[in-house]
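For reference, the structure is listed below as structure tokens.
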Number of protein chains: 2
Amino acid sequence: MTVFLVGAGPGDPGLITARGLELIRVCDVLIHDRLVADELVAEAPADAIRIGRERLAQEEINRLLVLYGRRGLDVVRLKGGDPFVFGRGGEEALALAEAGVPFEVVPGVSSLSAVPASAGIPITHRDVSAKVTIVQGHGPIDFRSLAGAGGTIVLFMALAGLAEIAAGLVAHGLPPATPAAVISNGTTRAQEVVTAPLDEIAEAAAGLASPALFVIGDVVGLAAALTSVREMIALAS
Amino acid sequence: MTVFLVGAGPGDPGLITARGLELIRVCDVLIHDRLVADELVAEAPADAIRIGRERLAQEEINRLLVLYGRRGLDVVRLKGGDPFVFGRGGEEALALAEAGVPFEVVPGVSSLSAVPASAGIPITHRDVSAKVTIVQGHGPIDFRSLAGAGGTIVLFMALAGLAEIAAGLVAHGLPPATPAAVISNGTTRAQEVVTAPLDEIAEAAAGLASPALFVIGDVVGLAAALTSVREMIALAS
């Protein structure tokens, strides 16, 4: 009787919430992002309507959510990461609100912390960073404000703009040697991580696949200590 | 054979990850934060060692993780929110790494987006905010940088400092009428939400209980449209 806007998490299907998984397992309709794990789509009942969103514009998705919601079906809108962190969940929620269709948001694990974590990078760390600034890597960036923010910077959808972003931040005062990392396909088996000083990161990360997260700040320097143990685990298992 | 640093999510026990819940159900030792839901602690096996962390200093927790990890037990360190978002998970991970004890981080749903979501506030929204700045509300704050950041500001542990923080931001140029919200016990049955312009929020939120999240920015204005539907749902159910 409700539309559920559910965060699927950052990629690893084990990182969906218990409640999100429960809702998928009993839904009538599943409308899912392209990047959502196949394992999660497979959890929907065999007779559920499954709609991959790659062929649909945002307005069409909004219309489908309202349409199926009005019919009284249990609809799960499964979105990568968290619906409200660059997920356009707010637009879908507003469309449902305007149409008077009951809905509920089920938050998900956002890539913003989980993807750096999978590369051994805590986005906050005592005496290293107590501030995180999150922006989109495409579209206009206020480099002056970002370069002066301090703490950790996390950029979504930054792969195409790596060189320009790094240059813009250095031009506005961020030291060229600031540790940086690009993590492609974070938390999945296809994960690739590249770390380099900010002024070398674009070259070092050339060829990485989308989706990717760009992390800048001294916390990146902690990865060496933390990933050596990850390798130790991999060798032991 | 490993220590798992697991995020319990923001409060609602349904918001733990599927993998986190699975690990709790088979652990030998569960060391949990005070604010973790009782329902999650109850998921551990009947014969598991359960240790509430409220009586322990951070160094003692680190020592216990190393001690039980070295004994080859499956240890779950269950932390509120996400281990790496103001969770001191990095310190525990480093302690384990230095001791050569294998560990794995299982990210959780952070309060930073889930708690605003439960109050109808998307922290990003098209044409409203494409930037989020996350800081701690206690300790020193760079008001100039924060007031000029643009987008959404999310402050953890800000309840005691509400008046000072609001005044500091206004003094550095953030308009007094900027929409603000304080959400106490977000995503739980005890949740309380107060919204007001920035220069009135401290007075409006007086008496709210900890833990609380402080959210500032135009996205707070979306809550009215989104929570009216939540009330509609509550009335219908």
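The values are calculated or read from the model by the stated rules, or taken from the named source; none is laboratory data. Just so you know, these numbers come straight off a predicted model, no measurement behind them. Glycine gets a Cβ as well: all are built from the backbone with ideal geometry, and neighbour counts include every protein chain shown. Accessible surface is based on the protein model in full, side chains and every heavy atom, while ligands, DNA and RNA are left aside. Shrake-Rupley method; radii C 1.70, N 1.55, O 1.52, S 1.80 Å.
Decide, for region B:134-237, between rounded, prolate and oblate: order the square roots of the alpha carbon gyration tensor eigenvalues as a ≥ b ≥ c, take rounded if a/c falls under 1.5, and otherwise choose prolate if a/b is larger than b/c, else oblate. Since a/c reaches 1.5 and a/b is larger than b/c, the shape of region B:134-237 is classed as prolate. Mind running the shape call on region B:50-167? Use the C-alpha gyration tensor, a ≥ b ≥ c as the square roots of the eigenvalues: rounded below 1.5 for a/c, prolate if a/b tops b/c, oblate otherwise. The shape class here is prolate.
Of the residues B:44, B:180, B:171, the one that moves most in a GNM of chain B with alpha-carbon contacts below 10 Å is B:171. Within 11 Å, Cβ to Cβ, of residue B:175, how many net charges do the neighbouring residues add up to if Lys/Arg are +1 and Asp/Glu are -1? Every neighbour counted, the sum reads -2.
Compute, for region B:85-168, the length of the dipole vector about the Cα centre, with Cβ point charges of +1 (Lys, Arg) and -1 (Asp, Glu) only. Units Debye, rounded to 20. Roughly 340 debye for region B:85-168.
Antiparallel beta bridges, as assigned by DSSP with both residues in region A:1-83, represent about 5 percent of the total such bridges. For region A:128-172 versus region A:179-200, the spacing of their alpha-carbon centroids is 15 Å. Calculated FRET efficiency, residue B:67 to residue A:218, Cβ-Cβ distance, R0 = 30 Å: about 0.50 to the nearest 0.05. Here the accessible area is traced with a 1.4 Å probe on the protein chains. For the protein assembly as shown, carbon and sulfur cover 52 percent of it. Using C-alpha pairs under 8 Å with a sequence gap of at least 6, the mean separation divided by the residue count of chain A gives a relative contact order of 19 percent.
Is the C-alpha gyration tensor of the protein assembly as shown telling us rounded, prolate or oblate? Criteria: a/c under 1.5 is rounded; beyond that, a/b larger than b/c is prolate, otherwise oblate. Rounded shape, in that the Cα axes give a/c under 1.5.
In the protein assembly as shown, the DSSP beta bridges split such that about 50 percent are antiparallel, to the nearest 5. Taking every C-alpha pair closer than 8 Å and separated by at least 6 residues, the mean separation divided by the residue count of region B:67-191 gives a relative contact order of 19 percent.
The sum of -39500 (n - 2.57) across all DSSP H runs of n ≥ 4, divided by the residue count of chain A, sets its helix-only mean residue ellipticity at 222 nm to -9000 deg cm²/dmol. Remark on chain A: ratio of C-alpha radius of gyration to 2.2 N^0.38 Å is 1.10. Springs between alpha-carbon atoms under 10 Å, Gaussian network over chain A: tell me which of A:96, A:222, A:56 tops the mean-square fluctuations. Looking only at A:96, A:222, A:56, the biggest GNM fluctuation is shown by A:56. Size descriptors for region B:1-92: radius of gyration and Dmax over Cα atoms are 11.8, 32 Å. For region A:88-161, averaging the sequence separation of C-alpha pairs within contact (under 8 Å, six or more residues apart) and dividing by the residue count gives a relative contact order of 24 percent.
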